[in-house]
Amino acid sequence: MKRLIFACSLLLASETTSLADGLFWVVGNRATGKCNIVTSNPVIYGDVWFGDGPYKSKDDAKLARSTIRACPALSPEEQKAEDSAG
């Protein structure tokens, strides 16, 4: 549990510091069983089992995530929340 909290806080901190880069990566998270789109080059360690990218736009990263077999499809609620967040 501590490892998960640390990983999430690390991802959040790295996302906010590199928003100006304008690049996106698709990251597989073992703890949640989902693939997230992040704005920093992922470190493959612990619960993060792969990172794919960089992509020049969030739409490109979303398209790539939909083609990666390890990434489960988003539910309509998750899709709506992601679209409204960014």
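The values are calculated or read from the model by the stated rules, or taken from the named source; none is laboratory data. Since the structure is predicted, the reported quantities are computational estimates derived from the model, not experimental observations. In this analysis, Cβ positions are derived from the backbone assuming ideal geometry, glycine residues included, and neighbour counts consider all displayed protein chains. We work out accessible area using only protein heavy atoms, side chains counted, and drop any ligands, DNA or RNA first. Shrake-Rupley method; radii C 1.70, N 1.55, O 1.52, S 1.80 Å.
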**region 68-82, subset surrounded by 10 or more Cβ atoms within 10 Å (Cβ to Cβ) and among the charged types (D, E, K, R), residue nearest to the chain's Cα centre (by Cα)** = E82
**Complete:** Of those in region 43-67 that are modelled with pLDDT of 90 or more and part of a loop (DSSP other than H, G, I, E, B), the residue most open to solvent (accessible area, probe 1.4 Å) is K56
**Complete set of residues in region 29-66 that are in contact (Cβ under 8 Å) with a residue 40 or more places away in the chain and small (G, A, S)** = G46
**Item:** Residue list for region 33-53, restricted to those being farther than 17 Å from R69 by Cβ and not aliphatic (A, V, I, L, M)
**Value:** T39, S40, N41, P42, Y45, G46, D47
**Message:** Just checking, does region 15-37 include any residue being surrounded by 14 or more Cβ atoms within 10 Å (Cβ to Cβ), of a type in the set (K, R) and modelled with pLDDT of 90 or more?
**Reply:** yes
**Close pairs from region 67-85: first touching a residue at least 24 places away in the same chain (Cβ under 8 Å), partner part of a helix (DSSP H, G or I), Cβ under 6 Å, at least 6 apart** = C71/R65
